[in-house]
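Engineer: The structure that follows is given in the form of C-alpha cells.
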Amino acid sequence: MDIKSMQNPQADLTDSDQLAIYKAIYASASDAIIFTDAQRRIVLTNDAVTSMFGYSLEEVQGKTTQIFYANPPDYDEQGKKRYNQSSKNKKGIYEIQYKRKDGGLIQGETHGNHVHDTNGNLLGYIGVIRDVTERNKANSLINRFGRIIEDSLNEVYLFDSETLSFIDVNRGARQNLGYSIDELRLMKPYDIKPEFSEEEFKKMLFPLRNQTEQKLQFETMHQRNNGLTYPVEAHLQRINLEGDYFFLAIILDITERRKAEHELQKHRENLEQLVFERTEKLRKQTQELELVNDELRRFNYSVSHDLKAPLRAIHGFSTAIAQDYKDSLDDVGKDYLDRVCNASVRMGQLIEDMLKLSRVRIEEIVFQEINVSQLVDQIVTLLKERNPDYKMYVHIKPLENANGDPGLIRIVLENLFDNACKYSSSNIEIEIEFGMTRENDTNIYYIKDNGVGFDTRYADKLFNPFQRLHNSDEFSGSGIGLATTQTILHRHGCKIWADSTLNSGSTFYFTLPSIHSD
C-alpha cells in the first residue's frame, strides 16, 4: 500500500466522492443547516430544517432567513454583526429566538460562518441551528431549584468527602450561623458542631463512606459566630456529582420543636400530678363511701331487727286482744284495735320498702345480658296469679335483650307492672301494653295502662320518696316504688320519665343499656 496515500486518505477521493460524502453528512445531520447567498437568500436546506421549522425547501428557497426569526430586529442586528463583507464576527455561536411555520417559538443555538470561493470571493453564508428549547428549560429549572435551595430557611451544606471543607453553603445557613461564605469555606462541619471532635465526626461518616448506610439522621447542636448554640436535626448523605463524591447536609433548626417538647413535658408532668391527686382524692372518697355503706348496712340490719320487732309485738298483741277480749270491747274499742293493727301492717310495709330502697342504692351491680321478653313473661304470670279477680289483658310487643343486673331490673319491671295494674284496677278491664322503640341508637322501653292517670304538672314529684299523687285510701302503697325504680335505672346510667292524661291512663318510658353498649 502506498504510504503516502495512508498519510493523506483524501488523496484517493475524487471531487465527486467528496461531494457525495458532504451531501450525506449534510442530509443526515440532526441540526438544521441553511446555506444562503451573499444577500442572505436561502439557497439550500437539509431535512432537519423541515423537521425543526415546518417549511420545505421549495417554500423558503429564494427568501431571506428573516422568515425564521421571531423578532425582526434580531435579523437586522445579526446582519450587521456577522453577515456582511466587513463583519468582524465571521464565526461564532449565538442564541436567537426562532419562529416555526405554525407560529410556535423555539430557542436556537446558531453557528454561523462565511463561505468563500477559491479566490476569496464571498459566496454566501452557512448556519447550523440546534434547538436548545428543552435544554434551556431544563437549565432554567436547575437554576430555579438552585435558587430555592439558596433561599431555603433550612441550612444546606455541601462539603468535600475527603477534606471535609465546605464547598457551598446556602443563605439560610449563613444567616443562622452569622458567617460569610468565604469564612465558611475555610471551615469544616465539626467547627460548628461543638459536640463533635474531628475524630468523632469522621468516625460517624464511616457508614456513608462504606455505603453501609445511605443517609444519617441525628440531633446535635450548632454554634453561631457569636458563640451561642441552638439545637438542630441533621440529615446527611453522600452524593456523586459526575464522578466526584461529596457530602450533602440538610439541617433543620429545631429550637421551636424543643420548646414545644419542653412545654409538652411540663403539661404532661402537671397532668400526671393532677391525675395522681385526683386518684388519691377518689381513693379517699371511695374509702369514705365504703364506710358510709357499711354504716348504712348496719343501720338496715338494726331497722330490720330492732324496729320491726316492736311492730310485730304491737300487731301480735293487738290481734290477741281483738280475739281474746272481743266480747269485752265495744264497737269503738274494736275499731281502735283494727286501726292499730292496720297501722302496724302499713308501718311494717313502709319499713320494708325503705330497706329495699336503701339496698338498691348500695348493692353492687353485675352487668350481664338480660332476656327482657322472658323476664316480662314471668312478671306478668305472677301478676295475674296475685290478682285472679281482675280481667287483665297484657300486650307484649317485640323486645330486644338488654345489658344490666337481672335482679335489679326485675325490681324495676315489677314496680312498673304493679303500678299499672293498681292504678287501672277501677276499670272493668285492665289494659297494659309493654313495648320498645329505638331512638338515636338508644333502646327506649315503655309500659302503657288505661288507669286513672295523673296531672303532668306534678310529674316531677312521682319519683320522690313518699310523694303520692293519689290518696292512700284509693290506692295502697308507700310512695317508695317509683323512687326505687329511678334509683336502679340511674345506677345503670339510664333514665325514666312519664306522660299521662288524667283519667286516661299513663305511659312510663325508661332506657336500658343495649347488649351492644360498651
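Engineer: Going by what's in this entry, would GLY112 be described as on the phi > 0 side of the Ramachandran plot, surrounded by 11 or more Cβ atoms within 10 Å (Cβ to Cβ) and in a strand (DSSP E or B)?
Structural biologist: The answer is no for GLY112.
Engineer: In this structure, is VAL292 of a type in the set (A, V, I, L, M), at pLDDT below 80 and surrounded by 10 or more Cβ atoms within 10 Å (Cβ to Cβ)?
Structural biologist: yes
Listed here are the residues, each with its yes/no results for (1) more than 30 Å from GLU233 (Cβ to Cβ); (2) of a type in the set (D, E, K, R); (3) without any contact (Cβ under 8 Å) to a residue 12 or more places away in the chain.
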site	(1), (2), (3)
VAL115	yes, no, no
GLY124	yes, no, no
ILE129	yes, no, no
LYS137	yes, yes, yes
GLU150	no, yes, no
ILE167	no, no, no
GLY172	no, no, no
ASP182	no, yes, yes
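Engineer: Still on this model: Within the range 163-180, how many residues are surrounded by 11 or more Cβ atoms within 10 Å (Cβ to Cβ) and out of contact with any Leu (no Cβ under 6 Å at 6 or more places or on another chain)?
Structural biologist: Result for the range 163-180: 12.
Conditions (1) surrounded by 13 or more Cβ atoms within 10 Å (Cβ to Cβ); (2) in contact with a His (Cβ under 9 Å, 6 or more places away or on another chain); (3) farther than 16 Å from GLU162 by Cβ, marked per residue:
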residue: GLU198; (1), (2), (3): no, no, no
residue: GLN223; (1), (2), (3): yes, no, yes
residue: ASN226; (1), (2), (3): no, no, yes
residue: GLN237; (1), (2), (3): yes, no, yes
residue: ASN240; (1), (2), (3): no, no, no
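Engineer: Residues of the range 116-133 being over 19 Å from ALA29 (Cα atoms) and not in a loop (DSSP other than H, G, I, E, B), which ones?
Structural biologist: If the condition is that a residue be over 19 Å from ALA29 (Cα atoms) and not in a loop (DSSP other than H, G, I, E, B), then HIS116, LEU122, LEU123, GLY124 are the ones that fit.
Engineer: Checking the structure you have, find out if any residue of the range 268-289 is in contact with a strand residue (DSSP E or B) (Cβ under 6 Å, 6 or more places away or on another chain) and either modelled with pLDDT of 95 or more or among the hydrophobic types (A, V, I, L, M, F, W, C) (or both).
Structural biologist: no
Engineer: Scan the range 91-114 and give yes if some residue there is at pLDDT below 90 and farther than 19 Å from ALA32 by Cα, otherwise no.
Structural biologist: no
Engineer: Could you list, in sequence order, the residues of the range 63-88 that are exposed (fewer than 13 other Cβ atoms within 10 Å of the Cβ) and either of a type in the set (Ser, Thr, Tyr) or at pLDDT below 85 (or both)?
Structural biologist: LYS80, GLN85, SER86, LYS88
Engineer: So, one more: Determine which member of the set ILE106, ILE149, ILE129 is surrounded by 11 or more Cβ atoms within 10 Å (Cβ to Cβ), closer than 30 Å to ASP253 by Cβ and either outside the structural domain of GLN66 (by TED's automatic domain parsing) or aliphatic (A, V, I, L, M) (or both).
Structural biologist: Testing whether each residue is surrounded by 11 or more Cβ atoms within 10 Å (Cβ to Cβ), closer than 30 Å to ASP253 by Cβ and either outside the structural domain of GLN66 (by TED's automatic domain parsing) or aliphatic (A, V, I, L, M) (or both) leaves just ILE149.
Engineer: Any residue in the range 32-56 that's more than 20 Å from ASP131 (Cβ to Cβ): show its pairings with residues that are in a strand (DSSP E or B) and β-branched (Val, Ile, Thr) at Cβ separation under 7 Å, as long as the two are six or more apart or on different chains.
Structural biologist: If the second residue must be in a strand (DSSP E or B) and β-branched (Val, Ile, Thr), the pairs left are ASP37/VAL43; ARG40/THR64; ARG41/THR64; VAL43/THR36.
Engineer: Checking the conditions here, which among ASP449, ASP418, ASP441, ASP455 is closer than 21 Å to ILE488 by Cα and assigned by TED's automatic domain parsing to the domain that holds THR501?
Structural biologist: On inspection, the qualifying residue turns out to be ASP418.
Engineer: In the range 42-58, what residues are loosely packed, with under 15 Cβ neighbours inside 10 Å and among the charged types (D, E, K, R)?
Structural biologist: GLU58
Engineer: Pick from the range 172-221 the residues that are assigned to a loop (DSSP other than H, G, I, E, B) and among the aliphatic types (A, V, I, L, M): which of them is nearest to the chain's Cα centre (by Cα)?
Structural biologist: Among residues in the range 172-221 that are assigned to a loop (DSSP other than H, G, I, E, B) and among the aliphatic types (A, V, I, L, M), the one nearest to the chain's Cα centre (by Cα) is ILE192.
The values are calculated or read from the model by the stated rules, or taken from the named source; none is laboratory data. As the structure is a prediction and not an experimental result, all values here were calculated from the model. We place every Cβ from the backbone using ideal geometry, glycine too, and count neighbours over all the protein chains shown.
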